[in-house]
Structures are given as structure tokens and as C-alpha cells.
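Quick notes on the structure that follows.
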Amino acid sequence: MATLIHKPAIVQRLRKITRKRKHARQHVGAAPGTIFETPDASETNIRAQLYGTASGGAKEIFELGQIKQLQQQQADGSILWVDIQGLANVTTIISIAQHFNLHPLVIEDVVNVGQRPKAEVHDNDYVVVLMREPCAGPPFDSEQLAIVFGPGFVLTFQERHGDIFNPVRQRLSAGSRRLRDIGAAYLGYSLIDAVIDGYFPILEGYGDLTEAMEQKAIEEPAPDMITEIHVLKRELLEIRRALWSQREALNVLLRDDTALISDPLKIYFRDCADHSFQLLDLVESYREVSQGLVDLHLSSVSNRMSEIMKVLTVLATIFIPMTFIAG
């Protein structure tokens, strides 16, 4: 069973959310396409992998020239996956994005974190998907992830180091024919599916947490439990906000008619949308439980107060007449 949230962790999480919102307000009124360096951005690590009928391992990349060399080695049907973790080196990231002909507004969305999850189809050149990648929970923590795929390439921009793409990498290393043969759009789907699947264990943790808090509200209601319930509701609201936007982004990919996503591939993206609906159902269920926790806690406190008043009344009934007679 999940443990309850400690008060220092609650305060730290609320301060972190406040800092993100204050940082976002500083961008108001900036010109379109303006790039802002994140003060606490992680160091940029870049690795690229060229795969297709034959695949080499992932290589550490330090400059744009190395990516150009890999592109020269590309055969027909092979895919180049460039994974960028950390957004501190803005100059290198912009040069890579411009090399793949990304629009300035797309580059702005990729580098400036805190964007709303969305999907955009830029004709038949490339598809951009912005998501919130779950990192931990509870308490819930996430980072911005941008996935860009086009003919023969896939770009991933992650806000921090460490990701949930290891299962996809293992499938590539094991020689998955589907990942190698279908194309960049299927790899893009696999990465999106990995992000969505990453929410399930986190929501299971929130399910255990709500059960623990419900049991505590019945058996041992404490005064500081209201704060824990408030933070739980804030965390679930943040998850719902991310999942709702991601569901709308997947609907954009299903509605738009682009040659990058063929009809046989749309069934896979439809499966991602179904999983998003399932996650939203879980979040809504936990939100209803968390909203009822306040009433349950107040009822438990009221019942305990009633029991105490009964004991005091009995004691008063016994000792007041004796005190009166003694007086």
C-alpha cells in the first residue's frame, strides 16, 4: 500500500509548480519564435541511431556534422533517430532543428518548456507531437517531450535526462522487423505509446494512495490530513490536464489526412487514443474519491468529537452532583 505524502514533500511540490508558472509569465509579450533559455535546464546529451534493414548501435553526437555523416550513410528505407536529452545547449538544438527544416514556431515550442500538449501536421514534411512525459508519482512529476517524425527521421527532445524509451530501444536492438520496416511514423507511434503506458503504474500508485488516505480518514483522522487531500486533488488535476490535451492531440493525428500516417498505421494511433480514454477514466474515478475524502474526514472528526462529548457528559453527570453536595 502506498505511503501518505509527507508535509515537506507537499510544500516542495507546491513551490515547484509556482516557480513554473512564474517563469511562464515572464514570456508574455515576446515576439513569435523567441527562444528562452531555461535557468535550471539539464546538460544536453545527444545520441543518434541509424536503423533499417541493418542497424548500428546508438552513437553519442556532439555536433551537427556527425548527424550529416549518418545521413550520408542512410540507405533507402532506413530511419535516423536523434534523441536529445536536456535543453541547456540551445545553440546546438536550434541548429539540429533548422537542419531538419523545422518551423521557427515549432523550435520555440520544443525549447521553451511548459507548453500545452498538442499535435501539428506540417503538410507531408513532418509531424510534431508535444506531450508530458511522466517521471514519478505520487507526488506527480513530469517533463516536456517533443516527438517529431518525417520521411526517414525521428527527433525526440526531452527536458531532462532519463526516459521511458528503453523498451523501444530494446526492441530495436532485438531486431524488431515491424519497427525497422514500416517507417518513421511507426517509431513515432511506439514512442507515443511508451509515454502513455508510463502513466498506468503512476495511476496505480495514486489508487493505492487514495485507498490509504480513505482508511486513515476513517480510522485515524488527523488535522493535517486536509492538506494531504488538497495536494492529492492538485496532483490529479495536473494529470487530468495533461491527459486531456494529449487525447486531443491524438485525435488531430487521426483526423488529418497526411501521407506520413497511412491508413494501416492509424489503427495503432487509435489504440493510443483508447488508452488515453482509459487513463482519463481512472483519473476521474480517483478525483471523485478525493473529493469525497474531505466529507469523509470531516464526518470522522465529527463522530470522534461526539464520542468525546459523550464521555465528558457522563463524567459531568457523575461528578457535578457530588461536587454540589460536597459544596
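Read the figures in this text as sums done on the coordinates, not as results from a lab. None of the values given here were measured: they were computed from a predicted structure. Note: ideal-geometry Cβ built from the backbone for every residue, glycine included; neighbour counts use all protein chains shown.
If R0 is taken as 35 Å, the Cβ-Cβ distance between Q98 and I267 corresponds to a FRET efficiency of 0.55. One decimal place: the segment N251-T313 gains 16.0 nm when fully extended, by the rule 0.36 nm per residue minus the C-alpha distance. Rounded, prolate or oblate, given the Cα gyration tensor of the range 182-327, with a/c below 1.5 counting as rounded? Since a/c reaches 1.5 and a/b is larger than b/c, the shape of the range 182-327 is classed as prolate. Each of H122 and Q170 was given a label point 7 Å from its Cα along the Cα-to-Cβ line. The distance between the two points is 3.4 nm. Modelled spin-label separation between D141 and L64, with each label point placed 7 Å from Cα along the Cα-to-Cβ direction: 3.4 nm. Remark: spin-label model distance T323-I226 equals 3.1 nm, labels positioned 7 Å along the Cα→Cβ axis. With the dipole of the range 110-212 worked out from charges on the C-beta (+1 for Lys and Arg, -1 for Asp and Glu) around the Cα centre, which of F140, G114, I164 lies farthest toward the positive end? Result: I164, furthest along the dipole toward the positive end. Let me know the shape class of the range 82-194, please: from the alpha-carbon gyration tensor, a ≥ b ≥ c as square roots of the eigenvalues, rounded when a/c is under 1.5, otherwise prolate if a/b is greater than b/c, or oblate. Judged from the Cα gyration tensor, the range 82-194 comes out oblate (a/c at least 1.5, b/c at or above a/b).
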